[in-house]
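K.L.:
My structure is below; once you've seen it, I'll send some questions.
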Amino acid sequence: MQNFIITKNQSIEFVEKLDKLLLKSYTTKKSLEVLDEVFTEDELEYFKYYAKNASLVLSSKDSVNKVAESLKNCIQEMITIELELSFVPTVKTLSNISELVGENTLLDITVNPQIVGGAIIKQSGVVTDYSLAKQVNYERF
Amino acid sequence: MLDLSSPIFAFNISLFIFNFVLLQVVIYKVTKLKTQKQELDKSPKEALDLATKQAQEIISMATDKAKEIISTTSMTSDKIEQEFSKSVDSLVNESKEEVKQILSHIKVENQDVLNKIDTDLESTLQQISESIKVSSEKEVLDYFDTLKKQVAESKVQVSSKLEQKYEESLIEIAEYRKTQIASIDNKVKSLVQEIVKEVLPRVLSYEVQEELLVSAIKQAKKDRVI
């Protein structure tokens, strides 16, 4: 899961799709077919992976809704860390960072070349500057 | 009955005797006063006649004497005048001679005195000159001593002031230097920062950027920021 949903934007998009799935489940009886309509292959795989981990069987419309609700709650409960970077990170880099920060954590990435390198981290309203620009400003050459 | 031994009787007898005596005295005095009065009534006339007679005699004597005195006095006055004139002339002549002698003597004496005064004056002047010279020399020396002391004091004061000013200047220069260096330092620093900010992002590779990011995250975890 943590390798699949890493950033805040990804979580928002995925929650939107979960809402769409839940909405469709009220209008159709074939909920399993709806899953293919809403999710991409990777997303569907992840959805199934989550259901299996949660010991839920995707056999009926109700079970699908139940997994969708659970996954939505799980995503909404995740902690968000805001990271200001000097470059646009690749998915691999984001994955590495996600592993470093731990499970149930979302990364909210913004790019600012002025910080030169490193990162400015903001969590729960507390900002900590680990940028290279700060070191350049405060350290004497 | 008349008591002859009583005190009142004795007193009355005494009073009677006293009155009798007093009466006799009064009679005597009255009689004497009458006599004197008669004499007084008679004497002024006689005294006046006598006085008139004596006055006439005195006046006649005085007139004679005055005549005599006046005649004698007139004669004596002419004589005295002539003699006085002679005496005055003689006295004047004598005085002139004496004055001449005195003047010549004074002249001689004055010459001596003048010479002496001249000599004395010269000597005194020389002495004064010497004295002035000595005192002036002393005063000049004193003045020079005072001047030397004042110059030395001034020298010390000026030296002290100069040292103080020099130290102040050194401090000011040091402060100025410090300020200028700090200003230059800040300029260099901001320049370097600008260069670093402009150049580094271009120079740093993606791998380096990723390494810097990982280092930052690890440091944040270490600092318990995340």
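K.L.:
Determine which member of the set B:Glu137, B:Glu167, B:Glu207, B:Glu175 is charged (D, E, K, R), assigned to a helix (DSSP H, G or I) and under 49 Å from the mean Cα position of the chain (by Cα).
P.N.:
It is B:Glu137.
K.L.:
Conditions: (1) at pLDDT 70 or above; (2) surrounded by 10 or more Cβ atoms within 10 Å (Cβ to Cβ). B:Ile106 meets all but one. Number of the miss?
P.N.:
Only one criterion in (1) at pLDDT 70 or above; (2) surrounded by 10 or more Cβ atoms within 10 Å (Cβ to Cβ) is unmet by B:Ile106, namely (1).
K.L.:
Separate question: Could you figure out which of (1) surrounded by fewer than 20 Cβ atoms within 10 Å (Cβ to Cβ); (2) over 30 Å from B:Glu198 (Cβ atoms); (3) more than 8 Å from chain B (Cβ to nearest Cβ) isn't true of A:Gln123?
P.N.:
(3)
K.L.:
State all residues of the range A:74-96 that are within 26 Å of B:Val199 (Cβ to Cβ) and either surrounded by 13 or more Cβ atoms within 10 Å (Cβ to Cβ) or of a type in the set (Phe, Trp, Tyr) (or both); if no residue qualifies, say none.
P.N.:
A:Leu83, A:Glu84, A:Leu85, A:Ser86, A:Phe87, A:Pro89, A:Thr93
K.L.:
Look at the range B:214-226 and say how many of its residues are part of a helix (DSSP H, G or I) and at the interface with another protein chain (Cβ under 10 Å from one of its Cβ atoms).
P.N.:
So the answer is 8.
K.L.:
Quick one: is B:Leu162 modelled with pLDDT under 90 and either in a helix (DSSP H, G or I) or within 14 Å of another protein chain (Cβ to nearest Cβ) (or both)?
P.N.:
It is false that B:Leu162 is modelled with pLDDT under 90 and either in a helix (DSSP H, G or I) or within 14 Å of another protein chain (Cβ to nearest Cβ) (or both).
K.L.:
Working only within the range B:192-213, note down all residues that are more than 7 Å from chain A (Cβ to nearest Cβ) and within 16 Å of A:Tyr130 (Cα to Cα).
P.N.:
Of everything in the range B:192-213, those that are more than 7 Å from chain A (Cβ to nearest Cβ) and within 16 Å of A:Tyr130 (Cα to Cα) turn out to be B:Val208, B:Glu211.
K.L.:
Kindly check whether there is at least one residue in the range B:170-191 that is more than 30 Å from A:Lys134 (Cα to Cα), out of contact with any Lys or Arg (no Cβ under 7 Å at 6 or more places or on another chain), among the charged types (D, E, K, R) and away from every other protein chain (no Cβ under 14 Å).
P.N.:
yes
The values are calculated or read from the model by the stated rules, or taken from the named source; none is laboratory data. Not measured: the values here are computed from a predicted model. Here the Cβ is made from the backbone with ideal geometry for all residues, glycine too, and neighbour counts use every protein chain on show.
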